[in-house]
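Only one structure is covered here, and it is reproduced in the block below.
The values are calculated or read from the model by the stated rules, or taken from the named source; none is laboratory data. On a predicted model such as this, the values are computed, not experimentally measured, just so you know. Positions of Cβ are generated from backbone atoms using ideal geometry, with glycine treated the same way; all protein chains shown enter the neighbour counts.
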Amino acid sequence: MRSRRLLTAALLALAAVLVVALLAGCGAGTSTVIFKDKTTESSEAESGSSEGGATTAEVEAEAEGEVPPQVPKELAVEASSPGFNAAQIYREAGPGVVTIRSVFGGAAGGAEGSGFVLASNGEIVTNAHVVTTESGGEGSGGERVPATEVFVEFENRNVLEAEIVGFDPFADVALLKVEPAGFALHPLELGNDAEVEVGEPVAAIGSPFGEQRSLSVGVVSATDRPVKSLTQFEIEGAIQTDASINPGNSGGPLLEEEAKVIGINQQIETNSGANDGVGFAVPMTAIEHSVQQLRENGHAEYAYIGVSSQPVYPQLAQKLGIDTEFGALIANVVPGGPAAKAGLQGATGEIRFQAAEYETGGDVIIEVDGQKVVQPDDLARLVAEKLPGEKIDLTVLRDNKRVQVTVTLGKRPDKVE
């Protein structure tokens, strides 16, 4: 009877270990623990105490010469990815994450978000929407105006007023400047988002709902996503993550395993308004491009070609009878824009194919400066890498013949009529 009781105890202990491991895995890099209540906590600490140690039942059984069933290796649940230590990332990066409070005049009220220390001279990076609002209120479509006052709170409880050096609505990036008096700042190290891979664990630190320097972890769900900016244009190359992002997280860093910033958390796409959607971060390459211009000029400019397009794929190409399986099929050419001046041609008809509408008959851009246009956002990305006034050489398919077209890029407008 004693042996059977010991065996039962061992099996119960085994089940508890598996449950705890599953919970810890959700919160430490394999997927996101979604906290719907501020008081809910991850079970990561519990899982750490059980790994590598024997249960009481196992010790008793071994003392009696009995060996309880062991956990098969293929059933073991990893609590984290090799090299990813969320606690260590938090210790290294947490002191460089700040809470930002903005004050707007009139009925606009205020806003609260996050940010991080970029340089020891007092430079702070955050989202533009944390420190600006539309002149007629958010959603009005008015011109974006800066906050009348901005305050930055640091880990050591110091609160300093910040100057808005500049903001970039196209990338949703803002650069702030504080004058630290009597204490040292903790700049975060910048990473390379081009090296980020899907499935890689990441950590987000910010102030969701005012809960300062809160940590959430998850994985990179996808890369190179186009997402909404504060303008009619999209932010290219965004990082999609399942790490928990809530109101107040905006502007905080998304970090890789070495605590380097690979993006700033910007938005969550959801149908319910709750944290059950998809999170996105502005990539580090876009941030650096923006910050460099903001530091020098107080604003950022982007190249502009003046077309809207649709991605070509093999089945669509076959349907249209065009001699390419990739490219950007031009739908519309903005009158008077750079593409129109270069002679690019837009659609002349439309069809419905595979449950989607396509505008047809226009030029197909298949290469930009020798680089193939394969992914849906390739054209926008390649143009965004240039500066206004630069020229690009396009390989264009027109009437199934390849022609070369040179376009002098313009300056991206705030709005396209």
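Can you confirm whether the range 334-351 contains a residue that is of a type in the set (D, E, K, R), under 24 Å from ALA300 (Cα atoms), assigned to a strand (DSSP E or B) and not assigned by TED's automatic domain parsing to the domain that holds GLY237? Among the residues of the range 334-351, not one is of a type in the set (D, E, K, R), under 24 Å from ALA300 (Cα atoms), assigned to a strand (DSSP E or B) and not assigned by TED's automatic domain parsing to the domain that holds GLY237, which makes the answer no. Restricting attention to the range 322-380, the residues being on the phi > 0 side of the Ramachandran plot and over 29 Å from the mean Cα position of the chain (by Cα) number 5. Any residue at all in the range 320-328 that is surrounded by 18 or more Cβ atoms within 10 Å (Cβ to Cβ) and under 28 Å from ALA286 (Cβ atoms)? Yes, some residue in the range 320-328 is surrounded by 18 or more Cβ atoms within 10 Å (Cβ to Cβ) and under 28 Å from ALA286 (Cβ atoms).
Contact annotation: no residue pair with Cβ atoms under 6 Å, 6 or more positions apart or on different chains, pairs a residue in the range 352-373 that is outside the structural domain of ASP323 (by TED's automatic domain parsing) with a partner that is surrounded by 21 or more Cβ atoms within 10 Å (Cβ to Cβ) and in a strand (DSSP E or B).
The criterion of at least 2 residues that are closer than 30 Å to TYR302 by Cα, touching a strand residue (DSSP E or B) at 6+ places or on another chain (Cβ under 8 Å) and not aliphatic (A, V, I, L, M) is met by the following strands (runs of 3 or more DSSP E) wholly inside the range 198-246: 214-228, 234-241.
Go through the residues of the range 343-354 one by one and say whether even a single one is crowded, with 16+ Cβ neighbours inside 10 Å and hydrophobic (A, V, I, L, M, F, W, C). Yes - at least one qualifying residue is present in the range 343-354.
Return the total of residues in the range 289-325 being out of contact with any Pro (no Cβ under 8 Å at 6 or more places or on another chain) and over 26 Å from LYS411 (Cβ atoms). Walk me through how you get there before you give the answer.
Let us first name the residues in the range 289-325 that are out of contact with any Pro (no Cβ under 8 Å at 6 or more places or on another chain), namely 289-300, 307-310, 312-324.
When the remaining residues are screened for being over 26 Å from LYS411 (Cβ atoms), the result is 312-324.
Total meeting the criteria: 13.
When the range 308-345 is examined, which residues are found to be touching a residue at least 60 places away in the same chain (Cβ under 8 Å) and under 30 Å from SER290 (Cα atoms)? Hits for the range 308-345 are SER309, PRO311, GLY327, VAL334, GLY337, PRO338, ALA339, LYS341, ALA342, LEU344. Of the residues making up the range 376-392, those that are of a type outside the set (D, E, K, R), assigned to a loop (DSSP other than H, G, I, E, B) and surrounded by 14 or more Cβ atoms within 10 Å (Cβ to Cβ) are PRO376, PRO388.
Could you check, for the range 311-321, whether at least one of its residues is part of a loop (DSSP other than H, G, I, E, B) and more than 30 Å from the chain's Cα centre (by Cα)? Yes, because at least one residue in the range 311-321 is part of a loop (DSSP other than H, G, I, E, B) and more than 30 Å from the chain's Cα centre (by Cα).
Let's see how each residue does on (1) surrounded by fewer than 23 Cβ atoms within 10 Å (Cβ to Cβ); (2) in contact (Cβ under 8 Å) with a residue 40 or more places away in the chain:
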{"site": "SER221", "(1), (2)": "yes, yes"}
{"site": "GLY252", "(1), (2)": "no, yes"}
{"site": "GLY263", "(1), (2)": "no, yes"}
{"site": "ILE268", "(1), (2)": "yes, no"}
{"site": "ALA286", "(1), (2)": "no, yes"}
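If you check LEU344, LEU329 for being closer than 20 Å to LYS391 by Cα and not β-branched (Val, Ile, Thr), only one passes: LEU344. Regarding VAL71, is this residue loosely packed, with under 14 Cβ neighbours inside 10 Å, among the hydrophobic types (A, V, I, L, M, F, W, C) and either modelled with pLDDT of 95 or more or part of a loop (DSSP other than H, G, I, E, B) (or both)? Yes. Within the range 113-137, the set of residues being of a type in the set (Val, Ile, Thr), part of a strand (DSSP E or B) and touching a residue at least 40 places away in the same chain (Cβ under 8 Å) comprises VAL117, ILE124, VAL125, THR126, THR132.
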